[in-house]
Amino acid sequence: MMPSAGHPTSSPAALTSPSLTPNLMQPGPPITAIDRPLRGAILTRSRWCAVMGALLLLSLILTMLCLQVGTQYIGMGHIVGLLSSALFGTASEPETLRTTGVILLQVRLPRVLLGFLVGSCLGAVGVALQALMRNPLADPYVLGVSSGAALGVAVAVLFGIGTTALALSLLPVCGFAGSLVALLVIYRMAAAYDRLPIHSVLLAGVILNAIFSALIMFITSIMEPNRSFGMMAWLMGSMTAPAHPVLIALAAYLLVGLVLLVKQVRVLNILALGEEPARSLGIDTERTKRVIFLLSALMTGAVVSFSGMIGFVGMIIPHAVRLVVGADHRLLLPASTLVGGMFLMVADTIARTLFVPSEVPVGVITALAGGPFFVYLLVWRKDRLA
Amino acid sequence: MSGRCEADTTIENNSAATRAAHAYDLRGVHFCYGRPRGLDGGWVLRDVTLQVQPGEMLGIVGPNGSGKTSLLKLLAKLAAPQSGDITLFGRHLAGLSQQETAQTVAFVPQENAQLFPFTVAETVLMGRFPHRQRSRWSLGFGWEDQDDCRAASQSMATMDITHLAARLVTDLSGGERQRTMIARALAQMPRLLLLDEPTAFLDLQHQLDICSVLRRLRDEQGLTVVIVSHDLNLASQYCDRIAMLKDGRVCAVGTPSEVMSVERLREVYGCTVLIDAHPETGLPRITLPGPTLPVHL
């Protein structure tokens, strides 16, 4: 503040005139252009384009690298040739490449794409839930939303929804119902404390997780052994390569969710200020909450129904991205989407190549990476979680 | 006169024209959180009738739990009264949308701990949200235009936080964060500014700074300021008028000299204070009695 602030009348003109002549009492260089002080301090369209362009390029490169490795190494030249022939129908590959083609197009590519879609979805949902709950530790897995979705799917499987492509594309709806129930319960529990204190939200999540896991274990225990084994493998977070129509269905769920979520980015910024400031800035907070709850539940339900419970991606990724690109959700949300996709794609590549020919569930890898990070945030960064 | 102020004003001006002359006009406002309960209704605010004049700085004071913050929330349309009505420049507050209200009224809450590392400039720019252009293809991004940036830089200069523009709000001191939040409210280009305890937790220099900036905004831009404060001395020195609340009722409205009397403060706060004239301004100065004085004086 001005050194002369004790005498309010000493320099009135310099402070409020629209042209803002250089203010000699201000520390630092004189201001010449009115918007100079904002330069470098706010997100601009050019920075947005630069960051997103770089991330898109990086995603492409990583996808190609992940396609290369596996039980059988496939060279980059072959990958490009096979992909272009599959895309443009110039099927002229030699006989020796036929099996490689099947591996790449039927097994590896769907799996890599699934990893990317699931990870990007978890990253985006994590960003939205953290802003909405004003809780940097929120994540669909920690809050019990994932286990709610898992319960929904388990119930559907128990009553024999079947394994046709149509049935598989309807599974996300069951997951959606389950995760919506979980979100509503958490919200009601936490809202009993008027605002949403971080620790009560986490406690609500712990309790929900316990209840849902118990119910899922009950369902698994009354199933036939071979089906319950499949269920357990899926719960641990697995990435078995899906059939193409299923992949497309999943992509559709995620894309719709993402586009609708991106429409809320500026509102998310303001919600992060707090509920009362947000309402005083003209936001219908109740409506926004409903929209974001629905979208988060939809996307979590879709993800869980295909790949089981993959933990902590929705918490680590927004944190890491926020450190680098800043807190503005206009960039944070799409950037977390891409980085989450890359993270899970790489984690899954590690999971399937670490102990060839056997596989580690990808959920194990993300939990081993995310759990310690969670503890770090909770213990060493507690000043930031006031 | 001030003690019976409500009774006087309700009789004289009832027409829409006179109500429009007030920034705020509250008539018989009752409010409580949830539903009225118990024999006396459990009201947080009872039968509050109060006018806020355009371009004045009104202080709302009173003991803990007297309904100061609730009154401010009603003015900001963050809560709605159960009965009675409030007009804002002659228009019924209940009929205005949240966004229309936000274009006229800015609200600075008391508690503003920040969890997410936005920069100061980004936070101030959020004040431009009520003035956003709606466009179908912006996909919710709504990039700020030149006007938004100009308003933000101007309000940052007013609050003298231009040099903090690129700092993160999570790293600021209490005083810097409070100035950032006021700058955010000023970027809204409001006609009314509502502040809840803006000087709580601030040291002396920052208290003076914030009060004198508010005073200057009132003088130069005709901004109407409503400020809730615990600090009777700051209210007395800086506010044009003071409304004193007790148990949800307005028990006195008027200039500081009219409101601040030993008898009234004893009645409202239950303790005896010393009041003399401030050596510079001549306005009432409230001092707590020393430990040697008998309390029943």
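Any read-out appearing in this document is the output of simple, stated calculations on the displayed coordinates, not a laboratory observation. All figures in this text were calculated on a predicted structure; none of them were measured in a lab. All Cβ positions, even for glycine, are placed from backbone atoms using ideal geometry, and neighbour counts span all protein chains on display.
Taking only segment B:70-108 into account, find how many residues are touching an Asp or Glu at 6+ places or on another chain (Cβ under 8 Å), within 12 Å of chain A (Cβ to nearest Cβ) and assigned to a strand (DSSP E or B).
2
Name the residues in segment B:166-191 that are under 16 Å from B:F118 (Cβ atoms) and in contact with a Gly (Cβ under 8 Å, 6 or more places away or on another chain), would you?
B:A166, B:A183, B:R184, B:A185, B:A187, listed by residue number.
Considering A:I310, A:I350, which residue is β-branched (V, I, T), assigned to a helix (DSSP H, G or I) and more than 14 Å from every other protein chain (Cβ to nearest Cβ)?
A:I350
Criterion first (assigned to a helix (DSSP H, G or I), without any contact (Cβ under 8 Å) to a residue 60 or more places away in the chain, more than 20 Å from A:T44 (Cα to Cα) and hydroxyl-bearing (S, T, Y)) does B:T180 satisfy it?
Taking the combined requirement at face value, the residue does not satisfy it.
Is segment B:141-159 home to any residue that is β-branched (V, I, T), surrounded by 18 or more Cβ atoms within 10 Å (Cβ to Cβ) and in contact with a strand residue (DSSP E or B) (Cβ under 7 Å, 6 or more places away or on another chain)?
No, every residue in segment B:141-159 fails to be β-branched (V, I, T), surrounded by 18 or more Cβ atoms within 10 Å (Cβ to Cβ) and in contact with a strand residue (DSSP E or B) (Cβ under 7 Å, 6 or more places away or on another chain).
Kindly evaluate B:L186 against the criterion of being at negative phi and either facing chain A (nearest Cβ under 9 Å) or in contact (Cβ under 8 Å) with a residue 12 or more places away in the chain (or both).
yes
Can you confirm whether segment A:353-374 contains a residue that is within 14 Å of another protein chain (Cβ to nearest Cβ), under 25 Å from A:S146 (Cβ atoms) and not aromatic (F, W, Y)?
No; the residues of segment A:353-374 include none that is within 14 Å of another protein chain (Cβ to nearest Cβ), under 25 Å from A:S146 (Cβ atoms) and not aromatic (F, W, Y).
Of all residues in segment B:109-127, how many are more than 8 Å from chain A (Cβ to nearest Cβ) and buried (at least 23 other Cβ atoms within 10 Å of the Cβ)?
1
Results for (1) within 18 Å of the chain's Cα centre (by Cα); (2) among the acidic types (D, E); (3) outside any loop (DSSP other than H, G, I, E, B); (4) loosely packed, with under 13 Cβ neighbours inside 10 Å, shown as yes or no for each residue.
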site: A:V321; (1), (2), (3), (4): yes, no, yes, no
site: A:L332; (1), (2), (3), (4): yes, no, yes, no
site: A:T337; (1), (2), (3), (4): yes, no, yes, no
site: A:F343; (1), (2), (3), (4): yes, no, yes, no
site: A:V346; (1), (2), (3), (4): yes, no, yes, no
site: A:F355; (1), (2), (3), (4): no, no, no, yes
site: A:G370; (1), (2), (3), (4): yes, no, yes, no
site: A:V375; (1), (2), (3), (4): no, no, yes, yes
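Please verify whether segment A:109-123 includes one or more residues that are touching a residue at least 12 places away in the same chain (Cβ under 8 Å) and within 14 Å of chain B (Cβ to nearest Cβ).
There is no residue in segment A:109-123 that is touching a residue at least 12 places away in the same chain (Cβ under 8 Å) and within 14 Å of chain B (Cβ to nearest Cβ).
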